[in-house]
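The values are calculated or read from the model by the stated rules, or taken from the named source; none is laboratory data. Values in this document were obtained by computation on a predicted structure and should not be read as measured data. Every residue, glycine among them, receives a Cβ derived from its backbone with ideal geometry; neighbour counts consider all protein chains shown.
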Amino acid sequence: MFGQAQVKLAGKLWLLAGAYDRIHNVTLHTHDGATQVDHITSPS
């Protein structure tokens with residue numbers, strides 16, 4: 001949990017506000033189960 005908090009904080013400090021969309025804790029369902037993605041950062 002500590003590492004995830006660091007990634008969120010780093011994104012807030014280093015990425016321009018409004019220039020990126022940030023999504024956290026995404027679950028993707030697949031044909032053989034599911035996988036979880038902690039952080040997705042995409043240009044707005």
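For segment 1-26, give me the residue count where each residue is of a type in the set (G, A, S) and either in a loop (DSSP other than H, G, I, E, B) or touching a helix residue (DSSP H, G or I) at 6+ places or on another chain (Cβ under 8 Å) (or both).
Of the residues in that region, 3 qualify.
Name the residue, out of A19, A5, that is among the hydrophobic types (A, V, I, L, M, F, W, C), modelled with pLDDT of 85 or more and surrounded by fewer than 10 Cβ atoms within 10 Å (Cβ to Cβ).
Step by step, each of A19, A5 is checked, and only A19 is among the hydrophobic types (A, V, I, L, M, F, W, C), modelled with pLDDT of 85 or more and surrounded by fewer than 10 Cβ atoms within 10 Å (Cβ to Cβ).
Give me the pairs: first residue in segment 31-44 and loosely packed, with under 10 Cβ neighbours inside 10 Å, second residue in a loop (DSSP other than H, G, I, E, B), beta-carbon distance under 7 Å, and six or more apart or on different chains, which are they?
Between residues of segment 31-44 that are loosely packed, with under 10 Cβ neighbours inside 10 Å and residues that are in a loop (DSSP other than H, G, I, E, B), the close pairs are P43/A19; S44/G18; S44/A19.
Looking at V37, is it modelled with pLDDT of 85 or more, β-branched (V, I, T) and outside any loop (DSSP other than H, G, I, E, B)?
Yes; evaluated as a whole, the condition is true for this residue.
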